[in-house]
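Notes follow the structure.
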Amino acid sequence: MRFQTELVPATLIRRYKRFLADCRLEDGREVVAHCANPGSMMGLADPGMQIWLEPNDDPKKKLKFGWRLIEHDNGHFTGVDTSVPNRALRAAFEAGEVPGFQEYATVRPEQKYGTNSRIDFLLQGDGLPDAYVEVKSVTLSRTAGLAEFPDSVTARGAKHLGELAAMAQAGHRAVMLYLVQRTDCDRFALAADIDPAYAAAYRSASQSGVETMCLGTYITPEGVDVANPILIAI
């Protein structure tokens, strides 16, 4: 998945009201960028961080920049836009590049199911059970090399696990897919101390037949692509 506009480097001044970030461009100008991330962004919103913004000239948009990436001191990247995983995964599903899903010819995003919910992807193929795939963006890392989810309490995430469990019990294929938007992690675990209810919902869903998949990403200022599976340490 390529970014639509060439990203520009900046320095984070502060993130506030969840969806806003004051930033300083290299020429010294201060701008307000949209932060497409409703989570806590624990460890990812410290003033002075080096970040990458995507400019736009859309007259319908009030803010002319979107915060897309963090560039860490060690050269690794973290993607902060929670809409990116679905865009990158759609391209990967359609290209047959996601392990275990190569035989699914039809990729249908944002399909209604459950109780007033939408599944991120419904995959269908001749002779195959329908596959309901829920996607979560993972950006939290409190231990070197270990990615964790969630970074804050998510009742909505627990609800999604319950609905996936219902799909599995109905004979469909149900998959919880965690996409790690960090290039510095090779393991994944649940942050049960942050949200015990989510961890309990995950255990219940797994016992009901919900599959778990975790994939990494290749991230550069040019774009984000789906990478190889990451070890699940749950």
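The values are calculated or read from the model by the stated rules, or taken from the named source; none is laboratory data. The shown structure was predicted, so the numbers you read here are calculated from the model rather than taken from an experiment. Quick reminder, even Gly has a Cβ in these numbers, built from the backbone with ideal geometry, and neighbours come from all protein chains shown. Accessible surface areas use protein heavy atoms only, side chains included; no ligands, DNA or RNA. Shrake-Rupley method; radii C 1.70, N 1.55, O 1.52, S 1.80 Å.
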Boolean, ASP195 is within 25 Å of GLY75 (Cα to Cα) and at pLDDT 95 or above: no
Candidate set: region 48-76, residues that are open to solvent by less than 60 Å² (accessible area, probe 1.4 Å) and part of a loop (DSSP other than H, G, I, E, B); chosen: the one farthest from SER141 (Cα to Cα): ASP58
Where THR82 falls short, out of the listed (1) over 14 Å from the mean Cα position of the chain (by Cα); (2) free of Cβ contacts under 8 Å to residues at least 60 places away in the same chain; (3) part of a loop (DSSP other than H, G, I, E, B); (4) under 24 Å from ASP151 (Cα atoms): (1)
Of the criteria (1) at pLDDT 95 or above; (2) surrounded by 17 or more Cβ atoms within 10 Å (Cβ to Cβ), which one VAL84 fails: (1)
The one condition in (1) under 17 Å from THR183 (Cβ atoms); (2) surrounded by fewer than 21 Cβ atoms within 10 Å (Cβ to Cβ) that VAL31 fails to fulfil: (1)
Of residues in region 85-104 being of a type in the set (D, E, K, R) and assigned to a loop (DSSP other than H, G, I, E, B), the one farthest from the chain's Cα centre (by Cα): GLU103
Wholly enclosed strands (runs of 3 or more DSSP E) of region 178-234 bearing at least 1 residues crowded, with 16+ Cβ neighbours inside 10 Å and of a type in the set (Ser, Thr, Tyr): 211-220
Matching entry among LEU190, LEU215, LEU164, LEU179 (being within 17 Å of VAL135 (Cα to Cα) and in contact with a Lys or Arg (Cβ under 8 Å, 6 or more places away or on another chain)): LEU179
Selection count, region 133-147, where residues are of a type in the set (A, V, I, L, M) and either within 14 Å of VAL175 (Cβ to Cβ) or open to solvent by 20 Å² or more (accessible area, probe 1.4 Å) (or both): 4
Selection status of ILE13, open to solvent by less than 40 Å² (accessible area, probe 1.4 Å), in a strand (DSSP E or B) and at pLDDT 95 or above: no
Among (1) open to solvent by 20 Å² or more (accessible area, probe 1.4 Å); (2) over 28 Å from GLY66 (Cβ atoms); (3) touching a Ser or Thr at 6+ places or on another chain (Cβ under 9 Å); (4) not aromatic (Phe, Trp, Tyr) - the single one ALA165 does not satisfy: (1)
Within region 97-132, considering residues that are at pLDDT below 95 and open to solvent by less than 30 Å² (accessible area, probe 1.4 Å), the one nearest to MET49 (Cα to Cα): SER117
Of all residues making up region 150-162, the number that are part of a loop (DSSP other than H, G, I, E, B) and surrounded by fewer than 17 Cβ atoms within 10 Å (Cβ to Cβ): 2
